[in-house]
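**Student:** What follows is a single structure, and I will ask about it in a moment.
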Amino acid sequence: MTRPIDPGAWLSKIDPICERFEEALVERPGGRAPSLEAFLGGAEGEFRRALFEELLALEVYHAFQDDSFPGIDAYLVRFPGFESEVRRVVAAASGASVEPVPGLAPGTKFGHYVIKQEIGRGGMGVVYEARHDTLDRDVALKVLPDEIHSHPQARARFAREARAIARLHHSSIVPVFEFGAAAGAHYFAMQLIEGGSLGDQIDLRSAASAKLDEAQVRRLCGQIADIARALQFAHDAGIVHRDVKPSNVLIDSAGKAWLVDFGVARVEASDLTTAEDLLGTIRYMPPERFSGVSGAAGDVYSLGVTLFEALSLRSAFGESSAAELMREVMHTDLPRLRSLVPGASVDLDTVVACATHRDPARRYPTAAALADDLQRFLNGEPVLARRQGGVERVARWVGKNRGPAAIIGLLGLLVMGTTLLSSALGAKNRKITRLSDDVGQLLDESEEARGRLRKELYTADMIVCAFEASRSQGASLAALLNRWLPKADLPDLRGWEWFVLRSIIGWDEDRLWFRNSSGKCVDACEATGQVAVGGRSGITILNGTTRAVVAQIMEFAHPRSVRFDASGDRILVTDMNAVSVYSIRTGEELARRESRTYYPAEWHPDGQRVVFMDPAPSFWNVETDAVERIPGAEPTAWGVHQSRDGARLAVLQAPGVMRVTRMGPVESTGGDPLIREIDTASGDPGRVVRFMRLSPNGEKIVGLTRDDGFRVFRVEDGVEIASQSHAHRSAIAMVRWSPDGRWVVTAATDSMVKIWNADTGELVRELRGHQGNAREACFMRGATSVISTCELGDLRFWDLTEPAGRLQWNGGVTKHRRKGLRVEWTSDDERLVLHSEIDFVEWDVGGPGVRRVGGGEEEVRLASPDGSRALLISPSRFAILDLATGKDLLDGRFDPGERPADLLLAGSGARWAPDGERLYATGRDHAWIFDEFESGVRIRPILESGEPYHGFDVRPDGTEIVLARIDGLLVLDAVSAKVVARVELPDRGYGDTYNASLSFDPAGQRLLVSHRSRVMILDARDYSLLANFEGDADEHQVSCWSPDGERIATATREGTIQLFDPEDGLVVSFPCSEVIHGLSWDARGRRLAGIDIKGGGHLWNAATAMDREE
């Protein structure tokens, strides 16, 4: 008898091997790529094939990332027994086209399938009923959106998830027969379920104002119990659904429930989802999800909300904006089922309440526990979910309504007092005094409760703002921040996080709204300082300083571009049907040329001609109306652009082919006019140029590519000098040059505006805050500011001389970036030094400059407080330098026994004593003290046990050092290294898996210990516990105090920065694009810097907003 495959056992073995293999692919120990064969080891049978496919997917993905993919034939030769797995992995990782599939007509051949009809459509793709052409089997074919195909990382993640899901065999999980790519799109082939979704049933019953009878309620509870058991099966296999909702529960014609779309939510991101889909998903998200935490408890919550809606036939939460909906989910309890369905069972009401509790710890511990309680309800047995007694319900109400409760209590005391006074006049004074004291205490408690409630609301608003701002939906958040502006008689709760978010979102005075308009295009005039913005309401001319309207031209419904002439007297407008010239002073149309083009028309420097598409590249003389075809341009060319002086002209001959020529006088160019033809059509189809712009001096050309990125070429030799793939999360609408040709600015449909270094491709600035799709951005006042517009009529003015609230440097366009280790501010607080395993750079956070300052063998320096000495660490060297003489005081006498670079991992490996007379260093399982520098350097091991250390810090007064170990904290005398105290922490098993981060506050009065999901604060006098906060992440990797001790910043393994108030706990979580390995505050505590796992820099800046307020 064949033993059935246990997917949980497989995944539990495969995942750790894959994680080690991927780490080796990134780290490349010894400079060599890891051997897949070595990681495959002695695995046998089907398990060997499954493991091989997972490992190969990782290797192929990294090979594509490094441009080192050897081709499928090399893998077929290398692995002769795995032909099907090799072909499947390579096909999934390297699709042949990135064009989307807008819809497949019945009868269309799609891979092995013939499309029969479309049966569903949503944010994650289109579902068809299809038939396998050889197996004669009907399937549900889900064709995923183009974003999955065009992003290599998303492809790899999707393929791995799909393989895991395909191994789940459960009676209530829709089986996946196949996954792959065809016709330029990825797909799932699943069992076809004849019927509809639970969401459809809810909608039909709600529309008919129907009520569920007892039989329908019982049938529904049985169906949800089946889905809960399916979820438990998946959880046991290490897979979390994360998108449980009524539309993902299918009910077949026999009434059986099936769970669908398993794992798609893992690869789903906000940029792959429409607004309606996002709102529909947010309703079912557990509150902790908005802080970056997801797990099995979240699936229990989502299924509980699904049960609530199916029983009550109403939405769990209101249909509002995403921000308001998130706030409601995070901080509003669902109404009790019996309040909406009076006849509902008390037990069923309790089950729903337990499953949907906002606190994960108070929900059912597993999906199986929810299924068991539903079965008990169906069997007529008592459910195990605990009901609240009458006293507990009163206490809960009082806890939520302290103000009204205090008033009720006051009235009760007054009545009681009156009774006492009438019956015992002799005790009048004593009882009045007691009554007064009781009332005063209640009022004090009510005030305290209101204060706590305000703090909770403040935290909720900050979390929502940070989450939404990370998705660029900043415009709608200004009101949320403004509600916390100081008010009379109320404490000002705003902390550092409020000022950061205020800077990220932008200032109200820098935003103009054009109601009933759609901002499609924008331009600025250097001569007059005026701004033109085009939308559905026409062209509006503004004073760029006062923002006052100067003129309006109402002739246009859909302008595509606007351009001032050099004097600022006329404006050139390209719309759907014509190119027109208008006088700004009178609004009179001066010239018009019928032309259907989307490419922006541009003024020639002579002020008489316009270069435009008619439909071929042409010059138009606006005074004589004569049109002249541009020599050498193909009639079918896609676009045209010229340098500012008109000396050079570029034509996009076809997708990917750019031709740059010299332009002399009109009658002749003299000699061969061709300078360079740049062909991007060959190679990766995602990198083909579809739109291009010449730099103002004509020496460089930038092209937008199909993969939402750009490429910059030097015209003289055609060499590509800068490039970014997926520069935005969705399509780039327009790119413009800065007047000096140093930068380009892109505006995209992800609501973002970004400024890039045109010589390196590095990101200089992110401009967040548009509520809708950004359409165009351009520089004004030289390159000191940017204006941008979006489709909702939102015009933004960005002052580039004012530091941004959020800056990011992507670590440079290096092919093999290595792990970031630590970040520190220079002494003037103007630059950041970012240390990685291979180099270190200085980042001028006040400007675009990043310079690499490492030597031949890159090194890290940690200077002593008095500036006389420095610890120097390179990949092969550990030295202590006398900075006056440059001499190595160790003279090669010290061997740390490991890579020296490991000693600065996460910035926790070395500390100077405050007086600079001692240096402390820790490795993986050793620790040392270096002192007596004047007499040859004494080296002492702190402890000889060889037991691993998981973090350490030095008390600011230099008297003690504290180390974290498996069994707790070890406190040592900083001079003698003798043990002073041992501290046991409340979280048992401390340090057995991950590092802990230790940090004394600046005053040396408190010790911060962040470990796993906890942030603990100890009294530094006796190391007693002052606070123990549960964070919203699995592991806090590094943490630090702000200089004023008012905030604690932690970086988590899940890629978030979390801010804690040392008294009240979590305040906000900032999502990050990468996992942060090091944190550092500036001297004033107004800017927080981080370095990520790839060596990139991050900055959160509150200084701008704080300085404005001061």
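**Student:** Can you figure out the FRET efficiency of ARG547 with ASP684, using R₀ = 35 Å and their beta-carbon distance, to the nearest 0.05?
**Tutor:** 0.20
**Student:** Calculated FRET efficiency, LEU453 and ASP1044, Cβ-Cβ r, R0 30 Å, to nearest 0.05?
**Tutor:** Values: r = 26 Å, r/R0 = 0.85.
The computed FRET efficiency comes out at 0.70.
**Student:** Here is a follow-up. Once R0 is set to 30 Å, what does the formula 1/(1 + (r/R0)^6) return for the Cβ-Cβ distance between ARG20 and ARG338, expressed as a FRET efficiency to the nearest 0.05?
**Tutor:** Computed FRET efficiency for ARG20 and ARG338: 0.05.
**Student:** Distance check, please: which entries in LYS754/LYS1094; LYS455/LYS754; LYS245/LYS455 exceed 30 angstrom between their Cα atoms?
**Tutor:** LYS455/LYS754; LYS245/LYS455
**Student:** May I ask for the net charge around ARG563, where only other residues with Cβ less than 9 Å from the Cβ of ARG563 are counted and Lys, Arg are +1 while Asp, Glu are -1?
**Tutor:** With Lys, Arg at +1 and Asp, Glu at -1, the net is -3.
**Student:** Right, something else. So which chymotrypsin sites (Phe, Trp or Tyr not before Pro) in segment 993-1027 end up in coil per DSSP with only 10 or fewer other C-beta atoms within 10 Å?
**Tutor:** Those that pass, being in a loop and sparsely packed, number zero.
**Student:** Which order do peptides 357-370, 481-494, 749-762 fall in by mean Cβ count within 10 Å, highest first?
**Tutor:** 749-762, 357-370, 481-494
**Student:** What distance in nm lies between label points placed 7 Å from Cα along the C-beta direction at ARG629 and ASP645?
**Tutor:** Those two pseudo-labels are separated by 3.0 nm.
**Student:** Still on this structure: What length, rounded to one decimal in nm, is gained on full extension from ASN379 through to ARG219, with 0.36 nm per residue of separation minus their alpha-carbon distance?
**Tutor:** 56.3 nm
**Student:** Between GLU44 and SER209, what is the spin-label point distance in nm, taking each point 7 Å from the Cα along the Cα→C-beta axis?
**Tutor:** Result for the modelled spin labels: 7.0 nm.
**Student:** Now for a different question. Are there GluC sites (Glu not before Pro) in segment 556-646 that DSSP marks as loop and that have at most 12 other Cβ atoms within 10 Å, and which are they?
**Tutor:** GLU588, GLU623
**Student:** A further question follows. Hand me the GluC sites (Glu not before Pro) from segment 1018-1070 located in a DSSP loop with no more than 15 other Cβ atoms within 10 Å, in residue order please.
**Tutor:** GLU1046, GLU1063
**Student:** For HIS331 and ARG1084, compute 0.36 nm times the residue count separating them, minus their Cα-Cα distance, and round to one decimal in nm.
**Tutor:** Numbers: separation 753, 0.36 × 753 = 271.08 nm, distance 3.38 nm.
Taking 0.36 nm per residue and subtracting the Cα distance, the gain is 267.7 nm.
**Student:** Additional query: Quick check: net charge around ARG48, other residues with Cβ under 13 Å of its Cβ, Lys/Arg +1 and Asp/Glu -1? Write out the running numbers ahead of the final one.
**Tutor:** Values: positive: LYS13, ARG49; negative: GLU37, GLU44, GLU46, GLU53, GLU54, GLU85.
In short, -4.
**Student:** Let me ask something else. Determine, for each peptide in 929-941, 952-964, 783-795, the mean count of other beta carbons within 10 angstrom over its residues, then list the peptides with the highest first. Walk me through the intermediate numbers first.
**Tutor:** On the way: 929-941: 14.2, 952-964: 20.2, 783-795: 22.3.
For the peptides 929-941, 952-964, 783-795, the packing ranking is 783-795, 952-964, 929-941.
**Student:** Next up: ARG982 to ASP799: extension gain in nm, 0.36 nm per residue of separation minus the Cα-Cα distance?
**Tutor:** Working it through step by step, the gained length comes to 60.5 nm.
**Student:** At ASP931 and GLU594, where each label point lies 7 Å from the Cα along Cα→Cβ, what is the point-to-point distance in nanometres?
**Tutor:** Distance between label points: 9.2 nm.
Since every read-out is calculated from the coordinates, none of them should be taken as a lab result. Source: prediction; values computed, not measured. As a convention, Cβ positions derive from the backbone with ideal geometry for all residues, glycine included, and neighbour counts pool all protein chains shown.
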